[in-house]
Structure formats: C-alpha cells, structure tokens
Amino acid sequence: MKRETGVVLALDETDPEKALAIVRDVSPYIDAVKINWPLVLSAGPDMINRLSEVTDVICDFKVADIPNTVRLIVENCVSRGAAAVIVHAFTGDDSMRAAVEAAGGKAMIIAVTEMSHPGGKMFTAKHAEEMARLGVECGADGFIAPATRPERIAAIRAIIGDRKILSPGVGAQGGSASSAIKAGADYVIVGRAIYKADDPKAVAKSIADEIRTVI
Ligand code: O7M
C-alpha cells in the first residue's frame, strides 16, 4: 500500500453509486479506501473488485473466527483484489497465523489492538499490548490503534517496530490527524468527516495537508 498522503477513507456510505463517486472524487488525496460491512452488505462483495480498479482496498471485516474460517474469508478478499484485510487479534495465535498464511504476501494483514470508541477501554485497551506482541510474532503487517487516544498509538509503536499503524477516530470521533501521526501512526482512517461532507475532496485535501505539516 502506498504512503503518499497518509489518509485512508473509511467508506461507510451505503449507496453503492455514491460510494464509487466519492472515491473517484477524493482519490488524489487518499492512499487507500477501507470498506466495512455497511457498504458490502448493501452493494455486494463485487464492490471490492470495483473499488480495487480505482485505489487500494482494505477489507475491514474485523475477521474473528477459527483458523479455517479466517482462511476462507482472507482468501476470498485477496482473490477480489484486496490490498489488506483487517482481523481481530484476540482470536489467538492460530487464527492470526492462518490469516497471514492465507494472504500469502499478496495482501497485508492488519490486526486490531485498542479500539477508538469509549467501549474500547473496557476490554481491548487492557490487552492491546499483548495483542500487538502476538501480531508481531504471527507476522501481521500492520495494526489498528486509536486516534482518540494518541498516547496509546505511541505505546503500540514501541512494540511493533516499523510495521504500519492505521488510526481511526479522526473527525467524527474527536481525534486529530496531526496528533495521531505525531504519536506514531502511518495513516489516519477517516470516515464521516469526509464522505458526509458537502465537499469530500476539499476535506480529504485539508487532512492530507495537515498530515504533511507534521512529517
Ligand atoms: O471516521 P468515522 O468515525 O466515521 O469512521 C471510522 C471508521 O473506522 C469506521 O469505519 C469504523 O468501523 C473504523 N474503526 C473505528 O472507528 N474504531 C476502531 O477502533 C477501529 C476501526 C477500524 O477501522 O477497525 C479496523
């Protein structure tokens, strides 16, 4: 996945044609688009293939299952052209290794550590460092850490070396792009602040500009 602007668009827009139009509009200012169940359930998995023709696609299915099921999901995403697949790390080492093996070096495997919403403090925060260490041992290429708590990005960075950090929670959830990048994130993940804006391209550009000032 390229690292030019540091912006990943979380495309939770559920109207397929609107979603495609937004991606085409903002594509000069994003490094990748992240899609999750809201868009895939309304548009179908073929959306992975269609979006892959425009930009890199991160399949955020937060896969959390036994190794065989994890493998089947990751293989399907990769065959549709995904550049990365996001998995939960709490499933343990065998499921994490199954994800990495199924990706076969063709797509990045990104593991969730601490989640960005208030509820993320209840369970994920307490085990975030352990999950980061497990991800490193199992060969994960990147990690999710919360832009809403930049000090937690720094804690994960201290464990994972130069593997990638993607940080959601910028904009609608109150986090700032520059604080996340300064704390050690490689990319920020931004959804509503871009796709619900009157001018998504202008917002994506302003976030890319903000990131450029701190690197
Ligand atoms: O900018 P938003 O709040 O509209 O969207 C944030 C996106 O990031 C949305 O797609 C969430 O599903 C995702 N996300 C979080 O907000 N918090 C997390 O802790 C983790 C994710 C995520 O992307 O996990 C892989």
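With the condition kept exactly as written, say whether any residue in segment 106-114 is touching a residue at least 40 places away in the same chain (Cβ under 8 Å) and of a type outside the set (A, V, I, L, M). The answer is yes, given that some residue of segment 106-114 is touching a residue at least 40 places away in the same chain (Cβ under 8 Å) and of a type outside the set (A, V, I, L, M). Among the residues of segment 186-202, those identified as touching a residue at least 60 places away in the same chain (Cβ under 8 Å) and either crowded, with 16+ Cβ neighbours inside 10 Å or on the phi > 0 side of the Ramachandran plot (or both) are 186, 187, 188, 189, 190, 191, 194, 195, 200, 201. In segment 153-179, the residue that is farthest from the ligand (Cβ to nearest atom) out of those that are among the β-branched types (Val, Ile, Thr) and closer than 18 Å to residue 31 by Cα is 165. In segment 86-133, of all residues being in a helix (DSSP H, G or I) and in contact with an Asp or Glu (Cβ under 6 Å, 6 or more places away or on another chain), the one that is nearest to residue 161 (Cα to Cα) corresponds to 128. Restricting segment 134-150 to residues that are part of a loop (DSSP other than H, G, I, E, B) and over 21 Å from residue 191 (Cα atoms), the residue that is farthest from the ligand (Cβ to nearest atom) is 139.
Yes or no, residue by residue, for (1) out of contact with any helix residue (DSSP H, G or I) (no Cβ under 9 Å at 6 or more places or on another chain); (2) more than 13 Å from the ligand (Cβ to nearest atom); (3) of a type in the set (S, T, N, Q):
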position: 25; (1), (2), (3): no, yes, no
position: 38; (1), (2), (3): yes, no, no
position: 42; (1), (2), (3): no, yes, yes
position: 45; (1), (2), (3): no, yes, no
position: 55; (1), (2), (3): no, yes, yes
position: 82; (1), (2), (3): no, yes, no
position: 88; (1), (2), (3): no, no, no
position: 96; (1), (2), (3): no, yes, no
position: 104; (1), (2), (3): no, yes, no
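Could you tell me whether any residue of segment 154-162 is surrounded by 24 or more Cβ atoms within 10 Å (Cβ to Cβ), farther than 20 Å from residue 58 by Cα and hydrophobic (A, V, I, L, M, F, W, C)? Yes, that holds for at least one residue.
Coordinate-derived values only; no laboratory data. A quick note: this is a predicted structure, and the numbers were derived from the prediction, not measured. So basically every Cβ, Gly included, is an ideal-geometry build from the backbone, and we count neighbours across all protein chains shown.
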